[in-house]
Amino acid sequence: MDPLELVGLPGLMALTHGRSDVVVGLVDGPVALHHPDLAPGSIRTLAGTPSACCNQRSEACRHGTFVAGILAARRSSRAPSIAPGCTLLVRSVFSETGPVGELPSATPEQLAEAIVDCVDAGARILNLSAALTVGPIGAQRELGEALGYTIQREVLVVVAAGNQGIIGGSVITRHPWAIPVIAYARAGWPLAQSNLGRSMGSRGIGAPGEGVVSLAPEGEPVTSGGTSVAAPFVTGAIALLWSAFPGAAAVEIKYALLSSLKGRRRTVAPPLLDAWRAYEVMSEGRTRRAVP
């Protein structure tokens, strides 16, 4: 099944391209900012931080550009192009000097700093498609404090669960405010490579993570998968929901997203995203409040 169809996104995408005041913080690799298929005017960068690719062949550049295409490519491209009308705030945490073929990762300190930077710059949603290296206890505490800051500022945090195929989580996926995302196959079942666990099963979401086509720095589209690819589908759905209901609180959006899911919540694998049902939940809630 088409990845967008799998999670009920076409109907929501037909309603809105997104609003520019809905800012999505992309905490990932640098992006090929001048790619012809990226939506013009929808991308912001942070002064003093790396945002544009210096080496288009680096894994960091390829990763960041691919995820950016899922969220902010032109609707006429082959990428999912979920929310090109929203603003994508690029905050790179991946180095472009890593070995070819090695998946990029970030330290807890790097992620904590990037989270705070994005929140202070006005992001309402954070997409963390980043592998986390093990750091000292103090660094993990700093990351926990940064996640706590997102609660204070009502910023939703979507995080890739990881692709090691293990039962267990990280300081990010275990955080009660974060929304961990696992990867699903096109046929509708969880991929074996996804990390699973109690936090993922109880408050996580599944999204397309197999055979997804998006942008590459060199120009031609490429195919990839995994939880890093799945996470922006959830982020994009949230961005469109907030665009359709601009006055909604973060907790309302999160509740609609999680309550719309089908399936039991007592397993280590969460159900698939249902973006259209989440929209219906939001609409029903607004209708109930409007009735005297």
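The values are calculated or read from the model by the stated rules, or taken from the named source; none is laboratory data. Owing to the predicted nature of the structure, the values given are computational and were not obtained by experimental measurement. Here the Cβ positions follow ideal geometry from the backbone for every residue, glycine too, while neighbour counts run over all protein chains shown. The area values use the complete protein model at the heavy-atom level, side chains included, leaving out ligands, DNA and RNA. Shrake-Rupley method; radii C 1.70, N 1.55, O 1.52, S 1.80 Å.
Note on surface exposure: His17, His175, His34 rank His34, His17, His175 by accessible area, highest first, 1.4 Å probe.
Across the chain, C-alpha contacts under 8 Å between residues 6 or more apart give a mean separation that, scaled by the residue count, equals a relative contact order of 21 percent.
Only beta bridges with both residues in segment 1-137 are counted; by DSSP, about 5 percent of them are antiparallel.
For segment 1-68, applying the loop criterion from DSSP together with a ceiling of 15 other beta carbons within 10 Å to the trypsin sites (Lys or Arg not before Pro) yields Arg57.
Please sort by residue number the trypsin sites (Lys or Arg not before Pro) in segment 205-286 whose DSSP state is loop and whose Cβ has at most 11 other Cβ atoms within 10 Å.
Lys262, Arg264, Arg266
Relative contact order for segment 1-105: 37 percent, from Cα pairs under 8 Å spaced at least 6 residues apart, divided by residue count. For Ala230, neighbours were defined as the other residues whose beta-carbon sits under 13 Å from its Cβ, and their charges (Lys and Arg +1, Asp and Glu -1) total 0. Taking Cβ separations below 4.7 Å as the criterion for a possible disulfide partner, the isolated cysteines in the chain are Cys54, Cys86, Cys118. Charge tally for Arg186 (other residues, Cβ to Cβ under 14 Å; Lys, Arg +1; Asp, Glu -1): -3. Of all DSSP bridge pairs formed entirely within the chain, close to 15 percent run antiparallel.
Taking Lys and Arg as +1 and Asp and Glu as -1, the other residues whose beta-carbon sits under 13 Å from that of Val213 total -2.
Full extension of the chain between Ile167 and Gln152 yields a length gain of 2.4 nm, computed as 0.36 nm times the residue separation minus the alpha carbon distance.
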